[in-house]
1. Which pairs have Cβ atoms under 8 Å, sit 6 or more apart or on different chains, and link a residue in segment B:41-63 that is on the phi > 0 side of the Ramachandran plot to one that is part of a helix (DSSP H, G or I)?
2. Report yes if A:Ser91 is free of Cβ contacts under 8 Å to residues at least 40 places away in the same chain, crowded, with 21+ Cβ neighbours inside 10 Å, within 29 Å of A:Gly128 (Cα to Cα) and at the interface with another protein chain (Cβ under 8 Å from one of its Cβ atoms), otherwise no.
3. Being surrounded by 14 or more Cβ atoms within 10 Å (Cβ to Cβ), more than 10 Å from chain B (Cβ to nearest Cβ) and not charged (D, E, K, R) is the requirement here; does A:Ala83 meet it?
4. Checking the structure you have, find out if any residue of segment B:80-102 is within 13 Å of ligand 2 (Cβ to nearest atom), within 14 Å of another protein chain (Cβ to nearest Cβ) and surrounded by 15 or more Cβ atoms within 10 Å (Cβ to Cβ).
5. Looking at the structure I just gave you, is A:Thr24 within 14 Å of chain B (Cβ to nearest Cβ), more than 24 Å from B:Leu18 (Cα to Cα), among the β-branched types (Val, Ile, Thr) and buried (at least 20 other Cβ atoms within 10 Å of the Cβ)?
6. Looking only at segment A:98-114, decide whether some residue is within 14 Å of another protein chain (Cβ to nearest Cβ) and either polar (S, T, N, Q) or farther than 22 Å from A:Gln52 by Cα (or both).
7. Look at B:Ala133 and say whether it is assigned by TED's automatic domain parsing to the domain that holds B:Arg78, loosely packed, with under 15 Cβ neighbours inside 10 Å and either touching a strand residue (DSSP E or B) at 6+ places or on another chain (Cβ under 7 Å) or free of Cβ contacts under 8 Å to residues at least 40 places away in the same chain (or both).
8. Would you call B:Glu40 within 16 Å of ligand 2 (Cβ to nearest atom), over 28 Å from A:Gln17 (Cβ atoms) and charged (D, E, K, R)?
Amino acid sequence: MSETTDDAIVLDAVPYQDRHQIVTVLTAQHGLIRGVLRGARGGKHPLAAATQLLSKVRLTIWRSPNAELATYRSIELERPSFALAETIERSAAASAIAELFVTFCPPEEAAPRHYRLANAVTAALLEGLDSGALVAYTGLWILALGGLLPELDVCSSCGAPLGDTFHLTSGEAHPVCETCAPPGSPLVDVRAAAFLRRSLSTSPAAMAAAPAPPGAARWLDRLIVAEAARRLKALEFFRKTVSNGR
Amino acid sequence: MDLRPEAVRKLLVHLKRLPGIGSRSAQRLAEHLLTCPEEEVEALAASLAHLRSSVRLCSQCFLLTAEDPCPVCQDPDRDRSVLLVVEDPTTAWSVEASGAYHGLYHALLGHLSPLHGIGPDELTIDALVKRVASGGFQEVILGTNPTVEGETTALYIARLLEPYNVVVSRPASGIPMGGDLGAVDQVTLGQALTLRRKL
Ligand SMILES: [Zn+2]
Ligand SMILES: [Zn+2]
């Protein structure tokens, strides 16, 4: 049995029994954790503000070896997330981003890079930067951290270096050069290719100063859905919300 | 040796599933039911038996009701120019008890929760838009809960109501009456100060 204290980003909170919540968080030391926060339900409690989507908290976590759920002994709100609810796009993006972490983060193992990603993306979202670019950025990095992002600089078929644009294999799984491209294969244009490559070495705040090129977001969505092997409903809701708003 | 007769053990299992009832309370309730006048237990059993079959959702506003349309929707004295949208039908009970509201209601039966696959189609949002579109309302108060998901639901509905000629508002949020300013959590306090009113 062990007690640890860690910063965490809240990814999900659902009612548990009468007055408690099961809260899923992302921490640097232990990755994804699901645990019970007693007394967090019922609005009157200040804890209720701490368990909102993507809020940043400091948790004291108690874990016994065989228990399915951890217990949170204390919770302190470090960065509230209510500003996410100022626009529907931002709040839908928050759900989509949380869904990406819940789907792709390794449970119960150290995940400092996932945590830093979640923290930085949430901060950028709270600042009001472009929500579509932040969803795309998160998707790209989630794939990269999981070793699931295809090589963006060389042709997956012949190994030749790729230029400013590239094509995709059938099924859109991998980038290929013009020579290796199957007939009618989609082209990732200059802006989309640059966004994808630059995101790998640039902060989310810098990448989200402008919207993501549609070609980049579309391809990332395809890769993510293929890897998740299930419907990502929050991502779907985000796409629908953004297209309805225009 | 477990001396509790089977009927008692079964009762305890069911009682413990109720919100707020632990082993202790369940045992106290069982003891009471075994010792109080028999008619009381029969009346309780009868009301439990009819609860689900006699209560349904109003086809217009989705409040819980014995008759459809519900008493609010049928009442000619209600203010039919105002509509209060709530997440849960039971919220309307508390609002009625406040005595501060005389308009009509609309229960969404939840809030948007994309992470859990609850989208607009899982709620009564379509029916709400149709009610507003059919005219007569001047104001729609979006009384969803002050959570990120509740706010999101309110924003989503506000956008759908844009084409109609109605004022869309949100109840004020802030410090509980009789409360202590210093004891309020930081988010609520911040909200209360942002939305302060002039005296
Ligand atoms: Zn090639
Ligand atoms: Zn009704």
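The values are calculated or read from the model by the stated rules, or taken from the named source; none is laboratory data. What you are looking at is a predicted structure, and each value in this text was computed from that prediction instead of being measured. Counting neighbours? That spans all protein chains shown, and the Cβs are built from the backbone with ideal geometry, glycine included.
1. Taking only residues 6 or more apart or on different chains, the pairs are B:Phe62/B:Ala127.
2. It is true that A:Ser91 is free of Cβ contacts under 8 Å to residues at least 40 places away in the same chain, crowded, with 21+ Cβ neighbours inside 10 Å, within 29 Å of A:Gly128 (Cα to Cα) and at the interface with another protein chain (Cβ under 8 Å from one of its Cβ atoms).
3. For A:Ala83, the condition - surrounded by 14 or more Cβ atoms within 10 Å (Cβ to Cβ), more than 10 Å from chain B (Cβ to nearest Cβ) and not charged (D, E, K, R) - is not met.
4. yes
5. Taking the combined requirement at face value, the residue satisfies it.
6. Within segment A:98-114 (the criterion being within 14 Å of another protein chain (Cβ to nearest Cβ) and either polar (S, T, N, Q) or farther than 22 Å from A:Gln52 by Cα (or both)), the answer is yes, since at least one residue qualifies.
7. yes
8. no
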